[in-house]
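Novice: Have a look at this one before I ask anything.
The values are calculated or read from the model by the stated rules, or taken from the named source; none is laboratory data. Worth saying up front: this structure is predicted, and the values here are computed from it rather than measured. Neighbour counts are summed over all protein chains in view; Cβ atoms, including those assigned to glycine, are modelled from backbone coordinates with ideal geometry. With ligands, DNA and RNA removed, areas are computed over all heavy atoms of the protein, side chains included. Shrake-Rupley method; radii C 1.70, N 1.55, O 1.52, S 1.80 Å.
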Amino acid sequence: MPAYLRGSDRPLAEAYALALLDLDGVVYRGKNPVDHASDAIRDAERRGMAIEYTTNNSSRFQSVVADQLIGFGLSVEPRQVITSSVVAARMVARAVPHGAKVLVVGAEHLREEIARQGLEIVERAEDDPAAVVQGWYPDMTWNQLAQAAFAVERGAAYYVTNRDLTIPRELGIAPGCGSMVQAVVNATGVQPAACAGKPESAMYDEARLLAAADGAEPVRRELCLAIGDRLDTDIEAGNRGGYDSLAVLTGVTNPHELMLAPRHLRPTFIARDLRALNEPIPAPRREPDGRWVCGRDEAAIDAAGRLTVSDATVMDALRAACCAAWEASDNGRALDADILPDFGLIGAGSEHHHAGCR
């Protein structure tokens with residue numbers, strides 16, 4: 001797990017063999033593409049980086065997701081899309097006997113993956129399922145949640161596809177699977193036995209295996225880069241599984257959250273967006289006087305405990321600020337979130353272009 005941010009003299013697409021790439025908030029928001037994402041992915045692939053798309057969304061078929069990405073100009077095969085339904089079905093199949101009854105609360109994709117594992121899908125707690133599997137989908141009803149709760153109360157093992165509390169949609173941030181899972185937990189007092197989605201690392205492990213050609217060795221963990229917009233799912237999953245990670249600012253996470261991130265949520269690299277895959281990233285360094293310097297920008301904590309930066313419009317300053325803030329936190333020095341620098345990092349142009357506009 002990284003204590004502080006690292007840099008790379010080479011583009012990340014050349015330093016790593018496989019990108020474990022999140023979708024919501026990174027490649028698209030609902031039906032809309034994230035700016036620059038498709039061009040950056042194509043460029044990374046030209047540099048030799050393989051791409052596996054990992055998503056906690058359990059409601060969409062792999063082929064549907066692949067078609068959407070193809071519509072953005074990407075070359076994608078359905079097998080490259082690793083959904084939490086795929087991982088959850090395999091997880092449950094290992095935990096219950098072949099042919100066991102499973103109550104499924106989720107979209108057709110989850111149901112098909114469960115059936116593909118040789119398990120019998122049931123609809124009611126009265127059918128005495130051995131397990132309950134819950135995913136996210138927009139047509140979920142109160143009665144379905146109630147049946148899940150009744151079955152869990154009767155002793156069924158409880159599995160969920162993910163615990164994301166929110167999900168980015170076209171109109172904004174909406175309740176995610178984790179919000180619905182919490183309803184069942186509140187009703188039963190029972191926590192899920194396992195979660196297929198991030199922040200568990202099972203999805204990254206599965207993607208790493210599936211990326212290997214038939215009979216080939218899996219891609220080595222140290223050559224994989226987990227990429228996402230959420231510290232508490234994408235980045236934590238990377239840290240739990242021993243993967244380097246890249247956090248981008250195109251979705252949920254903002255600069256304040258990055259500066260205040262506890263050790264288990266800290267990424268290896270941070271960037272404005274996926275264009276960073278194709279550019280070197282300067283490594284922040286600590287100066288003897290306590291300043292953190294990254295490229296031509298710097299950050300420091302003054303005598304009054306304020307975190308100051310040279311330019312709150314560039315990524316290098318944010319990288320330096322994160323290291324300064326993390327060091328202070330690790331040394332037991334609390335920072336006031338209300339007076340952290342207000343970074344304005346939305347705009348066009350490459351990272352190097354912004355860093356040069358002083």
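Novice: Please go through the stretch 45-65 and pick out each residue that is free of Cβ contacts under 8 Å to residues at least 24 places away in the same chain and either among the charged types (D, E, K, R) or under 16 Å from ALA19 (Cα atoms) (or both).
Specialist: If the condition is that a residue be free of Cβ contacts under 8 Å to residues at least 24 places away in the same chain and either among the charged types (D, E, K, R) or under 16 Å from ALA19 (Cα atoms) (or both), then ARG46 is the only one that fits.
Novice: Another one. When only residues in the stretch 69-80 that are closer than 23 Å to ALA276 by Cα and touching a Phe, Trp or Tyr at 6+ places or on another chain (Cβ under 9 Å) count, which is most open to solvent (accessible area, probe 1.4 Å)?
Specialist: Checking each candidate, the answer is PHE72.
Novice: Oh, and also: Take the residues in the stretch 18-36 that are in contact with a Lys or Arg (Cβ under 8 Å, 6 or more places away or on another chain) and part of a loop (DSSP other than H, G, I, E, B); name whichever of them is surrounded by the fewest Cβ atoms within 10 Å (Cβ to Cβ).
Specialist: If we filter the stretch 18-36 for residues that are in contact with a Lys or Arg (Cβ under 8 Å, 6 or more places away or on another chain), which is where we start, we get 18, 20, 22, 25, 29-30, 36.
From the residues that got through so far, the ones that are part of a loop (DSSP other than H, G, I, E, B) too are 25, 30, 36.
Numbers: GLY25: 23, GLY30: 13, HIS36: 17.
Residue satisfying both the conditions and the ranking: GLY30.
Novice: Evaluate the stretch 195-207: report whether one residue or more is surrounded by fewer than 14 Cβ atoms within 10 Å (Cβ to Cβ) and in a loop (DSSP other than H, G, I, E, B). Spell out the reasoning first.
Specialist: First, pick out the residues of the stretch 195-207 that are surrounded by fewer than 14 Cβ atoms within 10 Å (Cβ to Cβ): none.
Within the stretch 195-207 (the criterion being surrounded by fewer than 14 Cβ atoms within 10 Å (Cβ to Cβ) and in a loop (DSSP other than H, G, I, E, B)), the answer is no, since none of the residues qualifies.
Novice: Under 6 Å between Cβ atoms, at least 6 apart or on separate chains: pull out the pairs that start in the stretch 300-313 with a residue that is touching a residue at least 60 places away in the same chain (Cβ under 8 Å) and end on any residue that is open to solvent by 60 Å² or more (accessible area, probe 1.4 Å) and of a type outside the set (Val, Ile, Thr).
Specialist: Once the first residue is touching a residue at least 60 places away in the same chain (Cβ under 8 Å) and sits in the stretch 300-313, no partner that is open to solvent by 60 Å² or more (accessible area, probe 1.4 Å) and of a type outside the set (Val, Ile, Thr) comes close enough.
Novice: Name the residues in the stretch 136-184 that are within 16 Å of GLY30 (Cβ to Cβ), out of contact with any Asp or Glu (no Cβ under 7 Å at 6 or more places or on another chain) and among the aliphatic types (A, V, I, L, M), would you?
Specialist: LEU171, ILE173, ALA174
Novice: Restricting the stretch 309-325 to residues that are among the β-branched types (Val, Ile, Thr) and more than 13 Å from ARG291 (Cβ to Cβ), which is least open to solvent (accessible area, probe 1.4 Å)?
Specialist: Taking the stretch 309-325 as the starting set, the residues that turn out to be among the β-branched types (Val, Ile, Thr) are 309, 313-314.
Narrowing further to those that are more than 13 Å from ARG291 (Cβ to Cβ): 313-314.
On the way: THR313: 65, VAL314: 0 Å².
Across the stretch 309-325, the extreme among qualifying residues is VAL314.
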